[in-house]
Amino acid sequence: MKIEVWSDYACPFCYIGEKRLEKAIAEIPGGDKIEIEFKSFELDPTADKKVVSSTIDRFAAKYGMTYDEAAQRVEQISLMGRREGIDFKYATTQYTNTFDALRLTKLAQERGHNEIISKLFDAYFTKNLELSNFDVLKKIAADCDLDAAEVDAVLSSDKYAAEVRADEHEAAMLGIHGVPYFVVGRKYALSGAQPVEVIKQAIEDYLAENSDLDELNGMTCGPNGCRFEG
């Protein structure tokens, strides 16, 4: 079976959701046979390739909060990530455009290196690196044993741009407005960073083939901001 996950590396709930999906699959017998396909969903296609503001300042402006209120909310989200075992440092993330990271992910998945997904999330939320920086992307690609010449060829061109756009077009066709968004076997849809037991149940229900498509709403991030309550 296949689970498709629409996601963006700049989305805190996407990293939390990815960890919860890992835990859910680990609890299912034969879970190692489940195919995971990462699908691209840019939260902000217009984001600069350079850091132009701090996370807390950007958060405060976007949600109409004071600096202190924004800092508190960002820390609450970081705490959620830490509860999943992530050294989550949301406040000091270096926000930049993620398009090239998403293109690189397409190459990695094509070559069977899905581990790049967790490495890119870690680079952004734990190491606080710029995901628009080609040197950063090349180092992560090398850690995944991707061919350096092939990585250079991708990053110096628009290769896989069409595939990223195709994912985003598909999301629009499916009515996906926020991420993470999980589609289990094209039968169950889970919107948001659902609890491990909810994700696990959806997978088990699919395997048992005893229910129709059902969408469950959780914490998501979209172009207009993040929704914090399910």
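Can you find, within region 1-52, the residue that is nearest to Glu84 (Cα to Cα) among those that are assigned to a loop (DSSP other than H, G, I, E, B) and among the aromatic types (Phe, Trp, Tyr)?
To start, the set of residues in region 1-52 that are assigned to a loop (DSSP other than H, G, I, E, B) comprises 1, 8-11, 27-30, 34, 41-52.
Those still in the list that are among the aromatic types (Phe, Trp, Tyr) too: 9, 41.
Details: Tyr9: 17, Phe41: 23 Å.
Among them, the one singled out is Tyr9.
For region 4-20: of the residues being more than 15 Å from His177 (Cα to Cα) and touching a helix residue (DSSP H, G or I) at 6+ places or on another chain (Cβ under 6 Å), which is most open to solvent (accessible area, probe 1.4 Å)?
Arg20
Being surrounded by fewer than 23 Cβ atoms within 10 Å (Cβ to Cβ), in contact (Cβ under 8 Å) with a residue 60 or more places away in the chain and either touching a Pro at 6+ places or on another chain (Cβ under 7 Å) or not acidic (Asp, Glu) (or both) is the filter here; which residues of region 21-30 pass it?
Lys23, Ile25, Ile28
To keep it simple, each residue is scored yes or no on (1) closer than 30 Å to Glu209 by Cα; (2) under 18 Å from the mean Cα position of the chain (by Cα); (3) among the small types (Gly, Ala, Ser).
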site	(1), (2), (3)
Pro12	no, yes, no
Glu18	yes, yes, no
Glu22	yes, yes, no
Ala26	yes, no, yes
Val51	no, no, no
Ala61	no, no, yes
Val74	no, yes, no
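Can you list the helices (runs of 4 or more DSSP H) lying wholly within region 121-221 that have 2 or more residues being closer than 16 Å to Thr98 by Cα and hydrophobic (A, V, I, L, M, F, W, C)?
Of the helices (runs of 4 or more DSSP H) lying wholly inside region 121-221, those with at least 2 residues that are closer than 16 Å to Thr98 by Cα and hydrophobic (A, V, I, L, M, F, W, C) span 134-143, 148-155, 161-174.
Identify all residues within region 54-77 that are hydroxyl-bearing (Ser, Thr, Tyr), touching a residue at least 40 places away in the same chain (Cβ under 8 Å) and out of contact with any Gly (no Cβ under 7 Å at 6 or more places or on another chain); write none if there are none.
Result: Thr55, single match.
Only one residue in Gly225, Gly230, Gly218, Gly192 is touching a helix residue (DSSP H, G or I) at 6+ places or on another chain (Cβ under 7 Å), among the small types (Gly, Ala, Ser) and at pLDDT below 95. Which one?
Gly225
Exactly one condition in (1) open to solvent by 30 Å² or more (accessible area, probe 1.4 Å); (2) among the polar types (S, T, N, Q); (3) farther than 25 Å from Phe134 by Cα is not met by Thr46; state its number.
(3)
So which of Arg111, Arg73 ends up being touching a Phe, Trp or Tyr at 6+ places or on another chain (Cβ under 8 Å) and surrounded by fewer than 20 Cβ atoms within 10 Å (Cβ to Cβ)?
Exactly one of Arg111, Arg73 is touching a Phe, Trp or Tyr at 6+ places or on another chain (Cβ under 8 Å) and surrounded by fewer than 20 Cβ atoms within 10 Å (Cβ to Cβ), namely Arg73.
In region 157-189, what count of residues is obtained for those that are of a type in the set (Lys, Arg) and at pLDDT below 95?
2
The values are calculated or read from the model by the stated rules, or taken from the named source; none is laboratory data. In this text the structure is predicted, and so the values were computed from the model without any measurement. For neighbour counting, all protein chains shown are included, and Cβ atoms are generated from backbone atoms with ideal geometry for every residue, glycine included. With ligands, DNA and RNA removed, areas are computed over all heavy atoms of the protein, side chains included. Shrake-Rupley method; radii C 1.70, N 1.55, O 1.52, S 1.80 Å.
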